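A quick write-up on the structure given underneath.
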Amino acid sequence: MSINKNLLSNFTIEVAMDPSPLTVTPDISLAEAIYRLSQPKNNDVKVNLPRESNQGIDIKSRSSCLLVVENHQLLGILTERDIVRLIASKVQFEQIKISDVMTDKLITISDSEIEDIYTVINYFQQYKIRHLPVLSEAKELVGLITPTSIRNSLKSFDLLRHREIKEVMNTDVIHDSPNSSVLAIAEKMAKYGVSCIVIVCTDKQQILHPIGIVTERDIVQFQALGLNFNKLKASDIMSTPLSTLSPVDTLWQGHQQMQKLRVRRLVVCDRNGKLLGLITQTNILQNLDPLDMCGVIHTLRQEIQDLQTEKIELLHRNNSRLEEQVEYLQESVNKLEQRNYEMTTINQMMEFLQACAKIEDANEFLAEFLKKLFPGFSSSILLKDECNCKFESVSSYGNLADSETLVKFNDCWALRRGQTHIASNAQPGLFCHHVDRESQPTTTICIPLLNRGKVWGLFYLRTQCSEKISHHQKELAHTVAEQISLALYNLKLREKLRNDSIRDALTGLFNRRYLDEYLKQEIIRAKRNQQPLSVIMVDVDRFKRFNDTYGHDVGDIVLRELGRFLQQQVRVYDIACRYGGEEMTLILINTPISVAKQRAENICSGVRSLSLKNQGETLPSITISLGVACFPLHGTTGEEIVQRADRALYRAKKTGRNRVVLYQN
């Protein structure tokens, strides 16, 4: 038996004993006793007694019995089961004292008699009790031990992990229907001497499905509340929904579930919800029987010895191979970590690119991400300039020469061939013409950025490191080039689409829709900052006659050149728009009426001096009329300012054209 004792050598009986059980004097009424038993315990005990009913609701710990004490001497005990039996017998609780119904022939144990946990378990099994008072040598009450307190004191017990619920569960489950009265439930508990009744419903095949449970604790609580047990149905008081176990769960899982839910019993069902049995804390404690444990312990010991022997043999046989595998795995882990780092960096870079409004936004952060991906390199992203057919850097890092940030098409083999070009100092003649050879590069990588087979950019990498570029670095460069090419081209398309939606195709000026949105925002800003805002309406004089005389193509030339001229006359934060037809609008931010008038005069004079040509032939000069209005002098909304500038323009037309007119109230 020494094996068994060593198994629980860290167990002390004090852990499983409640040192302050619920006690009463023998003269209190049975009704008062029931009331006290139904209330949460106020004393601070060492063990957490389970919550018996209402699964899923967190309530304070309650005692499952009352100990009757007088002059420090234990006289008797009244348990929940005793109360259920009395309820079934229809006893009048108010007229009876607890001393009349208590059990006075008690099974007790002296604290000096307790050698280990098995001493207590043997008492429970031998006398078929659930409450064991512990007395001192002077016969005074020391504490109370219950199956609940022992079960809750078990921290980790391997034997419980080797037994399944189906091996020890009670299959003969006392059950009843939800329509039965609570009194009938209590009578059935008393008749069969059980601590609970499982409430079930049946399906078409008459298979029982548990839907709730009524326990002794429930009966005691509702008796304390004075409820009518004849009128109450089981469905009114049963604990539902049920937390159930599977028959293949281990006893340890059952023990943990009871602790978690603070209950003393759990229903066992199959996967279809069919009632199979009931597991109680008593079933769990029975597994701690020393006789039952010997075989399990012997088997476990033998298994452990076999495993240890096998492990030692394997270690001796495979030590060198394991070291090689560890080294290989570590190398693989390092590679995976590096790949993960690279993919994370690429994803972050792509997120930033997707958030950009224009390509210029990517200049700074793109270089930072490329530094992280290609340490020891200098790099540049170059995009094609449609005007001069050169490739100009939009983002770069490292010490790059001018020839490496502004590349001609014919100076790069990758651009000319439309495919990746890698060169090293082993064959310096293969370096592209744009490479700065004075920096003594060891390797360069040029990857063309393609869209639909056409080259529109270049990803350039250069390093002076003596180590040869790995295959992975080449693959990484291709991956980065593909991702950047796709993101930047999409960004370029978004820019073009946005410009197309807000720009007039003929003049390149902003369109009427953009004018309305922009003016509304700027009026709000001008109000907030208490600043003036001026609007100049421009119209080409006698444009219809010019169109009729020279044709619409020449008329388009006039509007295009006028649009280009107006764009040159406004500041960065001012805008020029095509209002409609030959009419155009200038919005001048933070500009008073006097300054706006002077700028309008300059524009009027400048247009008269414009030299317009069509296929080398000089066209007649044109003039314009201009109307000027100012916020807040002439209105408080953008619509009012535009209307009044338009009226001033109308007056300029009426009074002779080729002039500037201010709006007059």
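The values are calculated or read from the model by the stated rules, or taken from the named source; none is laboratory data. Everything numeric here is computed off the predicted structure, so don't read it as measured data. As a convention, Cβ positions derive from the backbone with ideal geometry for all residues, glycine included, and neighbour counts pool all protein chains shown.
In the range 356-374, which residue that is of a type in the set (Gly, Ala, Ser) and under 23 Å from residue 476 (Cα atoms) is surrounded by the most Cβ atoms within 10 Å (Cβ to Cβ)?
Let us first name the residues in the range 356-374 that are of a type in the set (Gly, Ala, Ser), namely 357, 362, 367.
Right, trim to under 23 Å from residue 476 (Cα atoms) and you get 362, 367.
Working: 362: 22, 367: 18.
In this case the residue turns out to be 362.
Candidates are the residues of the range 430-462 that are of a type outside the set (A, V, I, L, M), buried (at least 22 other Cβ atoms within 10 Å of the Cβ) and touching a residue at least 60 places away in the same chain (Cβ under 8 Å); the one that is farthest from residue 379 (Cα to Cα) is 457.
Out of 377, 391, one residue alone is touching a Leu at 6+ places or on another chain (Cβ under 8 Å), surrounded by 10 or more Cβ atoms within 10 Å (Cβ to Cβ), within 21 Å of residue 476 (Cα to Cα) and in contact (Cβ under 8 Å) with a residue 40 or more places away in the chain. It is 377. In the range 512-526, the residues that are of a type in the set (Lys, Arg) reach residues that are part of a helix (DSSP H, G or I) with C-beta atoms within less than 9 angstrom, at least six apart or across chains, in these pairs: 513/501; 513/502; 520/638; 520/639. Residue pairs whose Cβ atoms lie under 9 Å apart, separated by 6 or more positions or on different chains, with the first residue in the range 236-256 and assigned by TED's automatic domain parsing to the domain that holds residue 199 and the second of a type in the set (Phe, Trp, Tyr) and surrounded by 15 or more Cβ atoms within 10 Å (Cβ to Cβ), are 237/222; 251/157; 252/157; 255/157. Filtering the range 369-391 to residues that are out of contact with any Lys or Arg (no Cβ under 7 Å at 6 or more places or on another chain) and closer than 22 Å to residue 439 by Cα leaves 370, 371, 372, 373, 374, 375, 376, 379, 380, 381, 382.
Restricting the range 102-141 to residues that are at pLDDT 90 or above, hydrophobic (A, V, I, L, M, F, W, C) and buried (at least 19 other Cβ atoms within 10 Å of the Cβ) leaves a set whose member that is farthest from the chain's Cα centre (by Cα) is 102. Of all residues in the range 394-411, those satisfying the criterion of being farther than 23 Å from residue 473 by Cα and among the polar types (S, T, N, Q) are 403, 410. Filtering the range 419-431 to residues that are touching a strand residue (DSSP E or B) at 6+ places or on another chain (Cβ under 6 Å) and either among the hydroxyl-bearing types (Ser, Thr, Tyr) or more than 18 Å from residue 473 (Cα to Cα) (or both) leaves 420, 424, 430, 431.
Counted as qualifying within the range 417-478 are the strands (runs of 3 or more DSSP E) with 1 or more residues that are of a type outside the set (Phe, Trp, Tyr) and farther than 25 Å from residue 346 by Cβ, namely 421-424.
Residue 477 satisfies every condition listed in (1) more than 22 Å from residue 338 (Cβ to Cβ); (2) among the small types (Gly, Ala, Ser); (3) modelled with pLDDT of 90 or more except (1). Does the range 391-398 contain any residue that is touching a Gly at 6+ places or on another chain (Cβ under 8 Å) and either assigned by TED's automatic domain parsing to the domain that holds residue 467 or basic (Lys, Arg) (or both)? Yes, the range 391-398 has at least one match. Taken over the range 348-378, residues that are over 27 Å from the mean Cα position of the chain (by Cα), not in a helix (DSSP H, G or I) and not basic (Lys, Arg) amount to 6.
Can residue 514 be described as surrounded by 15 or more Cβ atoms within 10 Å (Cβ to Cβ), more than 20 Å from residue 627 (Cβ to Cβ) and under 44 Å from the mean Cα position of the chain (by Cα)? Yes. When the range 394-411 is limited to residues that are out of contact with any strand residue (DSSP E or B) (no Cβ under 7 Å at 6 or more places or on another chain) and among the acidic types (Asp, Glu), the one that is surrounded by the most Cβ atoms within 10 Å (Cβ to Cβ) turns out to be 411.
The single residue among 128, 105, 166 that is under 23 Å from residue 268 (Cα atoms) and of a type in the set (D, E, K, R) turns out to be 166. Annotation: of all residues in the range 616-665 being of a type in the set (Ser, Thr, Tyr) and buried (at least 16 other Cβ atoms within 10 Å of the Cβ), the one that is farthest from the chain's Cα centre (by Cα) is 625. Looking at (1) more than 21 Å from residue 182 (Cβ to Cβ); (2) touching a strand residue (DSSP E or B) at 6+ places or on another chain (Cβ under 9 Å); (3) at pLDDT below 65, which one does residue 11 not meet, given that it meets all the others? Failing condition for residue 11: (2).
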